[in-house]
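Just so you know, all these numbers are worked out from the coordinates, no wet-lab data involved. Keep in mind the model is a prediction, meaning the values are calculated, not measured. Cβ placement follows ideal geometry from the backbone for every residue including glycine, while neighbour counts extend to all protein chains displayed.
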Amino acid sequence: MRPAPVIRLTQRLSVPFDYPVVFTRGLFEPANSLLADTLDRLHEGRRHRLMVCLDAGVLRTYPELPRRLTATIRAHRDRLELAGPIVTVVGGERSKDNLNTATRLVRAMQARRLCRHSVVLVVGGGSVLDVAGFAASLVHRGLRVVRVPTTVAAQDDVGVGVKTGVDAFGAKNFLGTFAPPFAVLNDFDFLDRLPHREWVAGLSEAFKVALIKDKPFFIWLCRNAALLNARDRAAMEQAVVRCAKLHLDHIRTGGDPFETGSARPLDFGHWSAHQLEVMSGYRLRHGEAVAMGIALDMVIAWRLGFVGESDLAALLDGLRASGLPAWTPLLESRARNGKLAILNGLESFREHLGGELTLSLPCPVGRRTEIHELPKALVVTAIRELQVHNGLGAARLPAPAGTRRRSAPERWPTSAIV
Ligand SMILES: NC(=O)c1ccc[n+]([C@@H]2O[C@H](COP(=O)([O-])OP(=O)(O)OC[C@H]3O[C@@H](n4cnc5c(N)ncnc54)[C@H](O)[C@@H]3O)[C@@H](O)[C@H]2O)c1
Ligand SMILES: [Zn+2]
């Protein structure tokens with residue numbers, strides 16, 4: 001029998017996305033036209049209806065905010081119109097650890113009769129940006145979202161990216177969408193009253209991206225770690241802008257903005273970080289878990305001969321000086337079957353990415369390489385070394401045997417350095 005003829009049509013779409021990412025102060029001053037100018041950036045000649053989602057933690061810290069926000073919208077009423085009362089969203093991981101908040105937000109969007117030209121203005125930390133962005137990306141297949149990130153992590157990482165996410169079924173960010181924002185307006189005023197734990201937590205993403213992309217920035221971070229921990233505003237603003245720019249550059253030029261491949265360089269250190277967050281019942285901040293995740297992966301990179309001992313010591317000292325943790329006893333905890341529980345993170349990470357396990361590691365600092373296998377024994381050794389460091393300090397880290405270090409890359413093959 002002859003095979004049936006195949007009719008093959010080809011479709012190719014290419015949709016450009018562009019969004020401004022602005023850093024400023026005083027965004028919600030009625031005299032400031034930045035919000036109105038941004039919503040009107042396409043000069044559509046109409047008033048823009050907007051629904052405001054406000055992080056409850058931000059509201060607690062800035063009780064005057066709703067009044068200022070509505071006054072700013074009223075001052076520019078020729079271009080802006082508030083659609084219904086401001087919606088307050090519980091802050092932190094609680095807002096995204098199930099679908100309740102997302103469902104409530106979707107209903108609020110429907111009640112306000114938002115259309116695809118309406119705007120959802122999200123003012124909050126990374127968790128609220130994630131959940132509100134997720135909800136908005138589902139309604140009418142995607143509403144315009146303007147993000148106003150209010151934590152260090154939200155300004156230097158979450159806010160500038162193209163992803164949304166909600167935790168489900170015990171897995172971090174199990175549900176989520178790719179949904180680039182319409183604009184990102186970072187107001188440094190929001191960092192002034194940020195609890196110190198949040199202030200510090202956001203720095204781990206800066207260490208992360210510097211280690212794989214920008215050695216001078218890594219050195220700068222280590223040198224300025226104590227200043228950053230002492231809440232120097234100018235230093236923090238520099239760190240935030242540089243970190244955000246590195247993330248933006250990677251998303252634009254990395255060749256895979258919607259992450260269809262298996263590599264995820266910006267998730268360096270995250271395979272264990274996400275696992276630690278889940279294991280801690282989200283008591284650990286994302287940034288704290290990332291600090292421990294990059295510390296662990298840096299020990300692994302050192303063991304593999306990718307980075308020097310002085311680089312590792314600089315990171316561990318830098319984390320400590322900036323107030324970030326490099327160790328938690330959770331790293332040693334065992335699952336019911338006696339297996340090191342953290343190792344479950346490797347399998348979840350592989351599943352999340354799809355295909356072959358691909359982990360990015362610094363090689364050398366400021367550049368990266370990929371490994372596709374991470375032997376359990378190496379993780380166990382790295383955890384032990386991190387523990388030693390935690391007890392004894394960087395100067396007393398036991399050096400790995402030189403021969404082993406040199407032979408390691410053959411046993412754990414890498415792809416080209418990019
Ligand atoms: N979508 C992405 O690309 C991406 C990237 C990295 C991280 N994330 C996610 O971001 C989340 C972490 O975000 P985060 O670190 O910004 O913390 P967060 O959003 O969980 O906020 C932490 C706490 O700070 C409060 N808060 C926020 N802004 C404040 C302010 N200005 N003043 C006082 N309190 C304030 C919040 O109410 C909350 O209680 C995690 O869920 C993580 O997975 C997403
Ligand atoms: Zn992260």
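Assorted remarks:
- Whether region 128-213 is rounded, prolate or oblate, judged on the alpha carbon gyration tensor where a/c under 1.5 counts as rounded: prolate
- In the chain, a dipole from Cβ-located charges (positive for Lys and Arg, negative for Asp and Glu) runs towards its positive end, and of Gln275, Ala289, Leu42 it is Leu42 whose Cα lies farthest in that direction.
- In the chain, taking the dipole from charged Cβ atoms about the Cα centre, the farthest positive-side position among Ala179, Ser348, Ala244 is held by Ala179.
- Restricting the calculation to Cα atoms, region 69-225 yields a radius of gyration followed by a Dmax of 16.7, 51 Å.
- Computed E for Arg197/Thr253 - FRET, C-beta separation, R0 30 angstrom, nearest 0.05: 0.35
- With neighbours defined as other Cβ atoms within 10 Å of a residue's Cβ, the residues His352, His286, His196, His140 order from fewest to most as His196, His140, His352, His286.
- GNM remark for the chain: springs join alpha carbons under 10 Å apart, and the peak mean-square fluctuation among Arg285, Arg141, Arg79 falls on Arg141.
- For the chain, a Gaussian network of Cα nodes joined below 10 Å ranks Leu13, Leu27, Leu319 by mean-square fluctuation, and the top entry is Leu13.
- The magnitude of the dipole of the chain, with charges of +1 and -1 set on the Cβ of Lys/Arg and Asp/Glu and taken from the Cα centre, is near 780 debye.
- Ranked for footprinting exposure by Cβ neighbours inside 10 Å, fewest first, Cys222, Cys115 give Cys115, Cys222.
- Proximal aspartates and glutamates relative to Lys172, as straight alpha-carbon distance under 16 Å, when same-chain residues fewer than 8 apart are discounted: Glu93, Asp97, Asp130, Asp267, Glu277, Glu288, Glu347, Glu351
- The modelled label-to-label distance for the pair Val241/Phe169, using points 7 Å beyond Cα in the direction of Cβ, is 4.4 nm.
- Fully extended contour minus Cα-Cα distance, from Ala226 to Arg8, at 0.36 nm per residue: 72.3 nm
- Zero-based 20 Å bins, Cα pair distances in the chain, whole percents: 26, 54, 18, 2
- Shape call, region 201-411: gyration tensor on alpha carbons, a/c limit 1.5: rounded
- Packing-based exposure ordering (other Cβ within 10 Å, fewest first) of Glu332, Glu288: Glu332, Glu288
- Cut-off 14 Å (backbone N to label point 7 Å along Cα→Cβ of Ser33), residues of region 71-95: 75-80
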